[in-house]
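The values are calculated or read from the model by the stated rules, or taken from the named source; none is laboratory data. Here the structure is a predicted model, which means the values were calculated and not measured. Cβ coordinates were reconstructed from backbone atoms using ideal geometry, including for glycine residues, and neighbour counts include every protein chain displayed.
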Amino acid sequence: MKRIYIILCAVLVATGAFAVQPDEILADPALETRAREISKDLRCLVCQNESIDDSNASLARDLRLIVRERLVAGDSDQEVKDFIVDRYGEFALLRPKTSGVNAILWWSGPLAFLIALIMGALYIRSRSKVVETPVDTLNDDEQKRLNAILGKD
């Protein structure tokens, strides 16, 4: 039984290693290391929450090949990322920049939560200040009339 668990764990851990095909690996180990680091920061546009280094999608393979081609051509890591972003948009980055227009997206969630908390606190506070108006009691004539209607007289 333990062997099955060990094999299952080994297969699950090694699934990321199957994404990069042997024909994609560069001969220069330094360039291959750079390519792997860049690939970890780029999103698979098909899987959307996986890096292209971990994805088996054909588009992820194409992106890995583009990264390696750009590195062989002499581009820096940032130039490769900029090339991918220019081509596919900032969505291709797993960790988009937090500046410019993206700052609105990054801060809108926490800001909306803060506004909701403030509005909730103000609502609860205003409800606690509501004073009940006293109910007028019946005078003697009204009480006699009510008793007559109810047949309690």
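Give me the residue from segment 54-94 that is over 23 Å from ALA30 (Cβ atoms) and polar (S, T, N, Q) and, out of that set, nearest to the chain's Cα centre (by Cα). That would be SER55.
Output yes when any residue across segment 108-128 is surrounded by 10 or more Cβ atoms within 10 Å (Cβ to Cβ), within 15 Å of the chain's Cα centre (by Cα), polar (S, T, N, Q) and not assigned by TED's automatic domain parsing to the domain that holds ARG64, and no when none is. Yes: segment 108-128 contains one or more residues that are surrounded by 10 or more Cβ atoms within 10 Å (Cβ to Cβ), within 15 Å of the chain's Cα centre (by Cα), polar (S, T, N, Q) and not assigned by TED's automatic domain parsing to the domain that holds ARG64.
Within segment 60-107, being surrounded by 11 or more Cβ atoms within 10 Å (Cβ to Cβ) and polar (S, T, N, Q) holds for SER76, ASN102.
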